[in-house]
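Notes follow once the structure below has been shown.
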Amino acid sequence: MSLDKQPELTSVKSKRKTYIVTGILILVAVIAAVYYFKQASESPDQQSQKSEGKRDHGEGKRGKGEADAPIAVAIETTSQADFPVYLTGLGTVTPLRTVTVKARVDGQLMKVVFTEGQMVKEGDLLAEIDPRPYQALLMQAEGQLQRDEALLKNAQIDLVRYKTLLEQDSIAAQQMVTQEALINQDKGIIEIDKGLVANARLQLLYTRITSPITGRLGLRLVDQGNMVHANDANGLVVITQIQPISVIFTLPEDRIRSVMKKYRAGEVMSVEAFDRRGQNLLALGQLSAVDNQIDTTTGTVKLKGQFANDDNALFSNQFVNIKMHMDTLRGVTIMPTAAIQRGIMGTFAYVVQDDQTVTVRTITLGPVEGEKVSVETGLKPGEQVVVDGADKLREGIKVKLITKESKVSNDVATPAAGKGNHKGKNKKKDHSE
């Protein structure tokens with residue numbers, strides 16, 4: 001073969017490969033289109049029959065009796081009792097009084113006799129300021145008073161002598177009048193001197209700084225040896241009254257009407273303070289005041305409860321949950337909140353009948369307290385309601401009852417028992433399918 005024919009053969013081979021690849025792609029596209037149109041032409045009934053056939057095949061492997069097994073549920077029995085009604089709110093512990101202890105005279109702080117955080121009573125000594133300058137002022141005022149008292153006494157003696165001379169017509173009457181005016185002047189000076197003495201004694205008394213209230217001391221703000229002044233902003237220490245103590249809490253504005261009705265009638269409304277989680281009771285008290293306006297930004301009203309706080313359980317600025325007792329419902333039906341179900345038909349519960357089947361019972365709920373709720377209509381005391389496993393129930397279905405004790409034992413079972421429970425879960429899943 002000549003060299004001129006080699007390019008022609010190469011071109012023919014490349015065209016042949018291109019045709020082969022194009023033919024393969026066209027064939028794949030035709031097969032895909034035929035499959036798509038075949039699937040689209042099937043009716044939904046045919047597709048569901050295929051899926052049911054696969055499901056029946058799977059159920060045949062599991063067994064028919066297993067699919068008809070009753071659903072295990074946990075139950076509780078409704079009861080009849082008195083049910084307390086509470087209003088709940090969020091509150092902050094607030095001292096009845098908070099005082100910043102300040103110096104009332106200027107001077108050097110000579111002694112600090114309190115300990116940070118200690119409890120003090122009204123009148124207890126807290127600190128002392130250097131008293132010597134004020135002792136000197138007191139001595140000066142007392143000396144001036146003694147001098148003026150002596151002048152008054154001398155003027156009074158002269159007045160007696162002038163009266164005798166006037167009777168003898170030895171002096172003019174004007175001299176007698178002048179002497180009486182001098183005596184009145186000396187009496188006024190003495191009153192001024194007495195005021196200066198009292199002020200000096202008061203300033204000396206202020207060098208002893210005492211507690212103005214009974215309460216708990218905070219941290220020391222000034223150390224011994226510093227100069228303190230009456231116009232200092234910070235003061236020496238802060239005292240807060242914690243026995244008794246108050247809690248400021250809020251309630252929605254639509255609740256205030258019922259609160260004010262009892263408050264104006266003079267009824268004692270008990271208030272309970274719980275910790276941040278709302279589980280531990282900290283203190284018991286009573287409602288002491290209601291604010292006179294509604295907060296428009298939150299739609300709430302502020303109320304104040306007062307607590308004795310004998311055990312110091314409440315701390316200033318502490319966050320607490322408040323429960324205020326409003327009423328007690330007598331002899332109502334009580335059920336667990338876990339049994340409450342909600343749907344299109346409203347609020348309902350699954351009630352277990354004597355033949356171990358469940359029925360749907362529409363109920364009307366009352367106030368809720370913790371894990372219990374009062375039932376106004378729909379249930380009677382002594383009926384069994386489903387509290388766990390209700391997600392797979394329907395009217396008339398057969399159930400298997402599980403008590404709380406058996407439920408707990410299953411949760412803490414051995415690994416082998418855990419495998420058995422896993423199989424039981426598979427059975428429930430197959431039944432739902």
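For region 190-226, a residue qualifies if it is surrounded by 15 or more Cβ atoms within 10 Å (Cβ to Cβ) and assigned to a strand (DSSP E or B), and the qualifying residues are I209, T210, G215, R216, L217. The lone criterion from (1) within 24 Å of P212 (Cα to Cα); (2) modelled with pLDDT under 90 left unmet by A172 is number (1).
Residue-wise test of (1) loosely packed, with under 12 Cβ neighbours inside 10 Å; (2) outside the structural domain of V386 (by TED's automatic domain parsing); (3) within 30 Å of Q80 (Cβ to Cβ).
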{"position": "F307", "(1), (2), (3)": "no, yes, no"}
{"position": "A338", "(1), (2), (3)": "no, no, yes"}
{"position": "G346", "(1), (2), (3)": "yes, no, yes"}
{"position": "Y350", "(1), (2), (3)": "no, no, yes"}
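How many residues are in a strand (DSSP E or B) and over 30 Å from V271 (Cα atoms) if we restrict to region 324-376? Qualifying residue count for the region: 16. So is G107 surrounded by fewer than 16 Cβ atoms within 10 Å (Cβ to Cβ) and either closer than 30 Å to P367 by Cα or not assigned by TED's automatic domain parsing to the domain that holds S316 (or both) or not? Answer is no for this residue. Within region 265-291, the set of residues being surrounded by fewer than 12 Cβ atoms within 10 Å (Cβ to Cβ) and under 16 Å from F249 (Cβ atoms) comprises R276 only.
The values are calculated or read from the model by the stated rules, or taken from the named source; none is laboratory data. Just so we're clear, the structure is a prediction, and the values are computed from it rather than from any experiment. Glycine gets a Cβ as well: all are built from the backbone with ideal geometry, and neighbour counts include every protein chain shown.
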